[in-house]
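Since the structure comes first, as structure tokens, the remarks are kept for the end.
The values are calculated or read from the model by the stated rules, or taken from the named source; none is laboratory data. What you see is a predicted model; the values in this text were computed from it and never measured. We place every Cβ from the backbone using ideal geometry, glycine too, and count neighbours over all the protein chains shown. Ligands, DNA and RNA are excluded from the accessible area calculation, which covers all protein heavy atoms including side chains. Shrake-Rupley method; radii C 1.70, N 1.55, O 1.52, S 1.80 Å.
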Amino acid sequence: KNIPAPAFDLYIQKITQNFISLKEKSLTGPFVRGDLDTIQKNTQSLSGTHLQSIYQSFQKEFLK
């Protein structure tokens, strides 16, 4: 939980670059698998953080 800000920034930058260049092919994990149980657990684990709303935005976009 105590990820250094520079490491987190680099991680987010890489994810963003992959999405821009690969679009939907850049997605991995529970969204691609349609693993709703894991998605729900991830959402709950992010409760109370600013990341929860970001994760929920991905749910709305990629689980249509």
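Over the chain, give the accessible area per residue in Å² for a 1.4 Å probe, as an integer.
Working: 5350 Å² over 64 residues.
Accessible area per residue: 84 Å².
Dipole magnitude of the chain about its Cα centre, charges +1 at Lys/Arg Cβ and -1 at Asp/Glu Cβ only, in debye to the nearest 20? Present the calculation step by step, with values, prior to reporting the outcome.
Details: 8 positive and 5 negative charges, 15 e Å.
For the chain, the charge dipole is close to 80 debye.
On the accessible surface of the chain, probed at 1.4 Å, how many percent belong to carbon and sulfur atoms?
Working: 3100 of 5350 Å².
Answer for the chain: carbon and sulfur cover 58 percent of the accessible area.
In region 1-61, which trypsin sites (Lys or Arg not before Pro) are in a loop and have at most 11 other Cβ atoms within 10 Å, using DSSP for the loop call?
Details: sites: LYS1, LYS14, LYS23, LYS25, ARG33, LYS41, LYS60; in loops: LYS1.
Loop-located and lightly packed - LYS1.
Just from its helices, what would the mean residue ellipticity at 222 nm be for the chain, if runs of 4 or more DSSP H residues each count -39500 (n - 2.57) and the sum is divided by every residue, rounded to the nearest 500 deg cm²/dmol?
Theoretical 222 nm ellipticity from helices: -21500 deg cm²/dmol.
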